[in-house]
Amino acid sequence: MNALREMMAMIELELRRLRHDRTEIYTRAIQPVLWLVVYGTTMSSIRAIPTGKIPYLDFITPGVLLQSTVFVSVFYGLTIVWERDTGILKKLLVAPVPRYSTVIGKTIASGVRAIFQALVIVPVALLLGVKFIPRPLNFLAALVELFLISGGFAAISILVASFMKTRERFMGIGQAIIMPLFFGSSALYPVSMMPALLQRIAVLNPLTYAVDAVRGLMISGDLSHLARDTGAIILFDAVMFVLASVSFRKIIE
Amino acid sequence: MENRTPFPKPPGESPRAGEPGAGEPRVEKPPAGEPLAASPSGDSLVEVRGLVKVYPPATRALDGIDLDIHAGRIFAFLGPNGAGKTTLMRILTTQLRPTAGRASISGCDVVRRGAEVRTFIGYVPQEMSVWTDITGYENLLLYAKIYGLPAATRNAQVREALDSMGLSGFAGTLVKNYSGGMIRRLEVACTLLVKPKIMFLDEPTIGLDPSARRAVWEKILTFKKEFGTTVFFNTHYMDEADLYSDEIAIIDRGRLVKLGTAEELKGSIKRDVIRVGLGPGATAGEKTLARLRALPSVTEVSFADSEIKVAVGDAELALLAVIDVLRAEGLPIVRISAEKPTLDDVFMAYAGSSLQAGPDLREVRSVRRQIQKG
C-alpha cells in the first residue's frame, strides 16, 4: 500500500515537472527527428534495405521512437543518482515506504517522461507520411510497451550509475549501452538480414522485442509475436529492477 | 559529571531476540576514560549503546557511541566535518546499519523495527532535499502523499506547514527561485507535516547567512514549543550549538568526547582570558610579562598591538592580581576585559583540534552553491 503510494507520487512528480517545463522534451526530440527526416527519407528513396510491403521510413519509426525512449530513460536514471537528488534519496529512504518502491517508482516515472517524448515525435512522423494503424487501442498498447521498456532501461542506468564515480564517465557509458543495442536490434533492418553472429545478439536484445511489438502495433498489424515480445520485456524489466534495487544500497552508502 | 550506572531496562519491555534476559551484553567496549552521563530525567527517547560503524577497509566512522536523549529536548552534536555526526544520524534515521552496537528510538530498535521508526521521525539531510523544478506547495503535497496523509485534510495540512515556516506567500513559486534560507525552511516544513516525535537535522544552517539562520531556528523553536518535538541536530557551528541546544555532545573522530549543557561544558575547562588594553605608546616589557606569568593559575601571557593577553584558570580570581602587577609597573590601563571560554576552546581542550579549522571550505561552498543554484 505504501509502495503504491510512493510509486504514484513519483509519477505525479514527473507530470508536475513536465507541466512546468517541457523544454527538455523538445530538445531531446531533435535527434530522433533527424533520424526520420534525414536518414529515413534518404534510405527510403535509395531502397537499399528490403522491408517488404512497408516503406522504409515507416519501418524504422518504431525503432526511432524506442531509441528516444531509451535515451530518456538511461539519462533519467543518471539524474536520480547524482546532483541534488542525493538529498532527496536520503529523505525517501527515511520515509515510511519500502526501500524497493523508491527504485521502482523512479523507473516507472521515467516511463512517463518517455511517453511524452514519444508523443512529440509521432506528429513529425505523421508529417513525413508515415502511415500508422488508425486504431486507438493499438496506439495505446504501443505506448504501454514504450512505458515498459523504459522502466527496464532506467533500472540499467541506476545499476551502472552505482558503479560510476563521475558523471562524465557515465555519459560515455550511456552511449556505449544504447547505440550497440539500437544497431543490434531489428530497429533499422529485419533480423533475417543480419549476419549470423549479430542475429544471435539480436535475440538476446530487449530492444529487438520492443521494436517488434511496437512495429506490429503501430505499423504492420502483425501481432503474432505480441505475447512473446511483451513477456520478454517484462522479464527484462523484472531482472533489471531486482539488480537495480540491490545495487541501490551502494548509492546510498 | 557523575559515574553512570548501567541504564535499567524499562519495566515490561521483553528482552530482545538474541539477547539474554537481564543484562545487555555490549558488543563493543566503549572507549576507555570517563564514562559520560546524560542528565537523568525520565525515560530516554533515543538510546544508543556501543554504536560502531566501520567503512571497509578500515575507516572507523563511529567508534563506540553511547547516548541517551530525552524527549522534548534539543540535542546538538558538535564536531568538525568527518567526525562521524552524519554517520550517526544516518544510522539513527535507519538509512545505514551499524557494524556493531545498537540504537533505539522510542523503544524501537532502528535495525529490527526500522519501518516503524520511520513513521514517527522527521529528517532534513545536509544536502538539498526538495525538488527544484516544482513549487514549494507541490513539494509538500508530494511528501504528504508519500507519507499517506489522508486526502481530506492533506491540503490544509500542507498550507499549515507552509504557514508555520513563513512560506505561505511563496507556495506557488518554483523552488529553484527560493533563497537558501527559504529552501531550508521548506525542508523543515516537510518534516513538520507528519508531526514527528523527533526531528533529525543535519547541519541545518550550513551555507546560510546569519539572518536566514536565525529565521530557520526561530521557526524550529516555535514548532518545538507547540508540539513538544524532540530535536536532534548536527552542527560544526559552535554558536548554533551554544544558542539553541539544551544539551551538547562533542564528537571527534567517531568518539563522544564530552557531554553536557553549553554552560557545563564551558565551565568544565578552566581557561579564561583577560585582555588589557594599554595606553598609546605603552609597552609591556619582559619584566612585566614575567611577573604576570608568575601569578597563580596563569598559563600564558602575550603582548601585541598594545594589548596584553593573559590566559588564566579563573578570570574572576586573577583579575585583581593582574591589575595590581600592571599598576605596580606603572602601565596605563585603558581598558580591561575578561572572556570566558567558548565552545571552540572546549572542543580544543577535549579533542585537541579546533572546530574552526574543521569545515572544509570547499564543502561549505558546494552546499551553498547547491542551495542557491537550485
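Where a number appears in this text, it was derived from the coordinates with a stated rule and is not lab data. Just so it is clear, the model here is predicted, and its values are computed rather than measured. Cβ atoms come from the backbone with ideal geometry, glycine included; neighbour counts cover every protein chain shown.
Between the residues B:LEU45, B:ALA61, B:GLY122, the greatest Cα displacement towards the positive end of the dipole of region B:39-152, with unit charges on the Cβ of Lys, Arg, Asp and Glu, is found for B:ALA61. Within the set B:LYS85/B:LYS219; A:LYS91/B:LYS266; A:LYS90/B:LYS340; B:LYS85/B:LYS145, which residue pairs have Cα atoms separated by over 28 Å? In this structure, A:LYS91/B:LYS266; A:LYS90/B:LYS340; B:LYS85/B:LYS145 exceed 28 Å between Cα atoms. The calculated pair-distance distribution of chain A uses every alpha carbon pair, bins of 5 angstrom beginning at 0, and gives 1, 6, 13, 18, 19, 16, 12, 7, 4, 2, 1, 0 percent.
The packing ranking, built from the mean of other Cβ atoms within 10 Å per residue, places the peptides B:241-251, A:211-221, A:51-61, A:17-27 in the order A:211-221, B:241-251, A:51-61, A:17-27, highest first.
For the residues of B:114-126, the average number of beta carbons from a partner chain within 10 Å of their own beta carbon is 4.
Summary of packing: across the peptides A:149-157, A:71-79, the per-residue average of other C-beta atoms within 10 Å ranks them, highest first, as A:149-157, A:71-79. For the pair region B:294-319 and region A:96-111, the centres of their Cα atoms are 63 angstrom apart. Rg over Rh for region B:248-339 works out to 1.11, using Cα positions for both radii and the Kirkwood form for Rh.
When only alpha carbons are used to place a centre, region A:1-71 and region B:206-275 end up 53 Å from one another. Set the Förster distance to 35 Å, then compute FRET efficiency between A:ALA238 and B:ALA100 from the Cβ-Cβ distance, nearest 0.05. Approximately 0.45, to the nearest 0.05. Panel order for A:PHE170, A:PHE116, B:PHE347, by other beta carbons found within 10 Å of each beta carbon, from fewest to most: A:PHE116, A:PHE170, B:PHE347.
Under 1.5 on a/c is rounded, so check that first for region B:188-236, then, if it is not, pick prolate when a/b is larger than b/c and oblate when it is not; a ≥ b ≥ c are the square roots of the alpha carbon gyration tensor eigenvalues. Since a/c reaches 1.5 and a/b is larger than b/c, the shape of region B:188-236 is classed as prolate.
Of B:LYS266, B:LYS195, A:LYS106, the sequence from fewest to most neighbouring Cβ atoms within 10 angstrom is B:LYS195, B:LYS266, A:LYS106. Let me test this: with uniform point scatterers at the alpha carbons of region A:87-171, what is the Debye-based log₁₀ I(q)/I(0) at q = 0.12, 0.15, 0.23 1/Å? Computed log10 I(q)/I(0) values: -0.53, -0.73, -1.14. Note on B:ILE336, A:ILE115, A:ILE46, B:ILE146: ascending count of other Cβ atoms within 10 Å places them as A:ILE46, B:ILE336, A:ILE115, B:ILE146, the fewest first. Against the empirical 2.2 N^0.38 Å (N residues), region B:38-195 has a Cα radius of gyration ratio of 1.17. Span-like helices, chain A: DSSP H, alpha-carbon axial extent 30 Å or more, mean Kyte-Doolittle 0.0 or greater, which ones? Once both thresholds are applied, what remains is A:56-81, A:99-127, A:136-161, A:226-252. Counting every C-alpha pair in region A:1-94, the share spaced more than 23 angstrom apart comes to 46%. Normalised by 2.2 N^0.38 Å, with N the number of residues, the alpha-carbon radius of gyration of the protein assembly as shown equals 1.24. When both bridge partners sit in the protein assembly as shown, DSSP labels roughly 70% of those beta bridges antiparallel.
Counting only other chain Cβ atoms within 10 Å of each residue's Cβ, the peptide B:86-98 averages 2.
The residues neighbouring A:ALA213, those whose beta-carbon lies less than 14 Å from its own, together hold a net charge of -3 under the Lys/Arg +1, Asp/Glu -1 convention.
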